[in-house]
Amino acid sequence: MPDTYVPPKVWTWDEENGGEWAKINRPIAGPTHDADLPVGEHPLQLYSLGTPNGQKVTIMLEELLALGEKGAEYDAHLIKIGEGDQFSSGFVDVNPNSKIPALFDRDTMARVFESGAILLYLAEKFGRFLPKDLAHRTEALNWLFWLQGSAPYLGGGFGHFYAYAPEKFEYPINRFTMEAKRQMDVLDRELEDYQFLGGDEYTIADMATWPWYGNLVLNNSYEAAEFLDVTSYKNLTRWAEEIQARPAVKRGRMVNRTWGPLEEQLHERHDASDFELRTQDKLEGLHSL
């Protein structure tokens, strides 16, 4: 039986402890270096990475553009969190919490951080993907806030201990697996009666939730589909497959993505033409970025 960990009287930071992401986690805020953020030609400047939280925003922007909202054109700049880009003085100015994604709207001079806040900001700015009726709007927001509170258990809890922790321990894996499955059951029960979260209208609640739970049940994250028995959540799987098939979702999940099949990567996005079929030379060039 392993020795029981006894917490010290005063915790101190061990910079070498923490596994794969140890170099980017620290107990203090603020910038570590001076660097300006790049600025493109469009009003909306997104600084992000193609993680689930990053995908929420690029999916939303691509859905807006698909509806003909020309004001939703955007520049998506790659933030390499493994290299500490999120700790630059420029990034901290946009998001003092040093987490992706972060958005700066040059039309309104508003900085917007936290992925859920960005989705809500864009929905209100363009009048899309959020019901006008108070009751239906509230139901969509219920699920948006549910996701914002639940996803840390999936990513920082289950995903961390199952996939990324330097050592595997039974207790945290069991604890967060139980919670991940409970959350999938919550979604599965809701989606038994409705096409989308909170009703039959596709909203920012779906765009926020799909990158986490859609990718999970489709085995696009953590390679844990079999472990979690995701096929037993039939309504959730139906919803995940339906949303994945949307052209804007396919584009959005490519943006700022630097891993996986090359054809699913678009490190930076500055124009709609960036999604056009790329030559093999261009694909091979991604390896050098």
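Taken together, the values in this text are just the output of simple stated rules run on the coordinates, not laboratory data. What you are looking at is a predicted structure, and each value in this text was computed from that prediction instead of being measured. We place every Cβ from the backbone using ideal geometry, glycine too, and count neighbours over all the protein chains shown.
Summary of computed values
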quantity: Residue list for the range 85-100, filter: within 18 Å of the chain's Cα centre (by Cα) and either surrounded by 21 or more Cβ atoms within 10 Å (Cβ to Cβ) or under 25 Å from Gln265 (Cβ atoms) (or both); calculated: Asp85, Gln86, Phe91, Val94, Asn95, Ser98, Lys99, Ile100
quantity: Cross-chain or 6+ apart pairs with Cβ under 7 Å, the range 130-156 first and farther than 16 Å from Phe196 by Cβ, then charged (D, E, K, R); calculated: Tyr153/Glu179
quantity: Pairs, first closer than 11 Å to Ser48 by Cα in the range 77-106, second assigned to a loop (DSSP other than H, G, I, E, B) and basic (Lys, Arg), C-beta under 8 Å, six or more apart; calculated: Gln86/Lys99
quantity: Verdict on Thr177 being surrounded by 17 or more Cβ atoms within 10 Å (Cβ to Cβ), more than 21 Å from Gln86 (Cβ to Cβ) and β-branched (Val, Ile, Thr); calculated: yes
quantity: Subset of the range 230-241 [touching a residue at least 24 places away in the same chain (Cβ under 8 Å) and surrounded by fewer than 19 Cβ atoms within 10 Å (Cβ to Cβ)]; calculated: Lys234, Asn235, Arg238
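Yes/no per residue for (1) touching a helix residue (DSSP H, G or I) at 6+ places or on another chain (Cβ under 7 Å); (2) of a type outside the set (A, V, I, L, M); (3) surrounded by 19 or more Cβ atoms within 10 Å (Cβ to Cβ):
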position: Gly54; (1), (2), (3): no, yes, yes
position: Lys70; (1), (2), (3): no, yes, no
position: Ile79; (1), (2), (3): yes, no, yes
position: Ala102; (1), (2), (3): yes, no, yes
position: Arg111; (1), (2), (3): yes, yes, no
position: Lys132; (1), (2), (3): no, yes, no
position: Arg137; (1), (2), (3): no, yes, no
position: Gly156; (1), (2), (3): no, yes, no
